[in-house]
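Colleague: First, the structure itself, so that you have it in front of you.
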Amino acid sequence: MRHAMQAIDFTGKTVLVVGGSSGIGNAIAQAFRGRGAEVHVWGTRASAKDYEGESGCDLQGLRYTQVDVADGDAIRRAGPQVDALDVLVLSQGTVLYNRQEFEEAGFRRVIDVNLTSLMTCCMRFFEPLKAARGAVIIISSTAAFHSTKGNPAYNASKTGALGLTRTLGDAWAPLGIRVNGLAPGMVETKMTRITTEHPKRRQAFVDKIPAGRIGEPADIAGPALFLASDLSGYMVGQMLAVDGGLTLT
């Protein structure tokens, strides 16, 4: 137990959570801060104040930067400017409804945010991660394991994130960088409100989940801490489903 507690201590470590202003990314960011890390987050709004009072958005103690991850140049310019980065969490994501992803513009937008930006962020921080022998955690989705027929771009991007996790894990492990990922199931966030705030849709999902409930962002934070810690030091290129058992059924 003592070893486990020490392994989940990030005092003196630097963490960046892309998409850390709300939802799953925000829960992960606050979990790292609660264990001593200096935590930077990227979000889409002009300042941290623009998130005040919004559910699932707690930027207290976090170092915030506005970055449009669909813009590669913006990623390459953005901070933190560090010589070493211990943990990079890639939790950015978007989805378009009403068949917008069947149109080229919508499809490209989702792919740019959900997939292309993952690689751009990884390359932006490759040298600091290498210097720290750090960890990358890519947030995919259980959508990587099944069809989501109304959202082809979302599905393709999350499946691509699974492949990227495997490939970068293979390529970078010899350099001391561990790349792994998490595939959340149905989690209560802004992106899932179309389901979670619709009683019949919500219940239909709950009925499919062996754990008997919709997930919360905090449910994803614990596994993220694990993947960044020494406890998972021999794990490379893996994508862990964190879904209450949804993909078992």
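Read-outs throughout are calculated quantities, based only on the coordinates presented, and are distinct from any laboratory measurement. In this text the structure is predicted, and so the values were computed from the model without any measurement. Cβ placement follows ideal geometry from the backbone for every residue including glycine, while neighbour counts extend to all protein chains displayed.
Colleague: Over 32 Å between Cα atoms: which of Lys49/Lys208; Lys13/Lys158; Lys13/Lys49 fall into that group? Before the final figure, lay out each step's value.
Modeller: Details: Lys49/Lys208 38 Å; Lys13/Lys158 28 Å; Lys13/Lys49 25 Å.
Pairs exceeding 32 Å: Lys49/Lys208.
Colleague: Now for a different question. Among residues other than Leu88 whose Cβ falls under 14 Å from its Cβ, what is the net charge (Lys/Arg +1, Asp/Glu -1)? Don't jump to the answer; show the numbers that get you there.
Modeller: Working: positive: Lys13, Arg124, Lys130, Arg133, Arg178; negative: Glu38, Asp86, Glu127.
Net local charge, Leu88 excluded: +2.
Colleague: Which order, highest average first, do 42-51, 109-118, 195-204, 26-35 follow once you tally other Cβ atoms within 10 Å for each residue and take the mean per peptide?
Modeller: Taking the mean over residues of other Cβ atoms within 10 Å, the ranking is 26-35, 109-118, 42-51, 195-204.
Colleague: Here's another thing I want to ask about it. Starting from one equal scatterer on each C-alpha and no solvent at all, send me the Debye-based log10 I(q)/I(0) for the stretch 137-249 at q = 0.19, 0.21, 0.23 Å⁻¹, two decimals.
Modeller: For the stretch 137-249, the Cα-only Debye profile gives -1.01, -1.16, -1.30.
Colleague: If you take the Cα Rg of the stretch 145-208 and divide it by 2.2 N^0.38 Å, with N the number of residues, what do you get?
Modeller: Numbers: Rg = 15.7 Å, N = 64, 2.2 N^0.38 = 10.7 Å.
Cα Rg divided by the expected 2.2 N^0.38 Å: 1.47.
Colleague: List the pair-distance distribution P(r) of the stretch 84-163, using every Cα-Cα distance, as the percent of pairs falling in each 5 Å bin from 0 up to the bin containing the longest distance, rounded to whole percents.
Modeller: Going out from 0 Å in 5 Å bins, the stretch 84-163 shows 3, 17, 24, 20, 14, 10, 7, 4, 1 percent.
Colleague: If you fit an axis through the alpha-carbon atoms of helix 152-172 and take the longest principal axis of the Cα set of the chain, what angle between them do you get, 0 to 90°, nearest 10?
Modeller: 20
Colleague: On to the next question. Using the alpha-carbon atoms, what tilt in degrees (0 to 90, nearest 10) does helix 23-33 show relative to the longest principal axis of the chain?
Modeller: 20
Colleague: Between Ala105 and Asp71, with labels modelled 7 Å along Cα→Cβ, what's the label distance in nm to one decimal, could you check?
Modeller: 1.9
Colleague: Starting from the Cα of Ala218, step 7 Å along the direction of its Cβ; do the same at Val206; then give the gap between the two resulting points in nm.
Modeller: About 1.9 nm, to one decimal.
Colleague: Now for a different question. Identify the residues of the stretch 99-127 with backbone N under 17 Å of a label point that sits 7 angstrom from the Cα of Lys190 along the Cα-to-Cβ direction, or state none.
Modeller: Only 110, 113-114 pass the distance filter.
Colleague: In nanometres, what is the gap between the two model label sites at Glu127 and Gln60, each 7 Å from Cα along Cα-to-Cβ?
Modeller: Each label point is offset 7 Å from its Cα along the Cβ direction, giving 3.8 nm.
Colleague: A follow-up question, please. Using the Kirkwood radius over C-alpha pairs as Rh, can you work out the diffusion coefficient of the stretch 20-179 via Stokes-Einstein at 20 °C, viscosity 1.002 mPa s, in µm² per second?
Modeller: In µm²/s, the coefficient rounds to 131.
Colleague: Could you state the number of Å between the C-alpha centres of the stretch 5-54 and the stretch 139-157?
Modeller: The stretch 139-157 and the stretch 5-54 have Cα centres separated by 25 Å.
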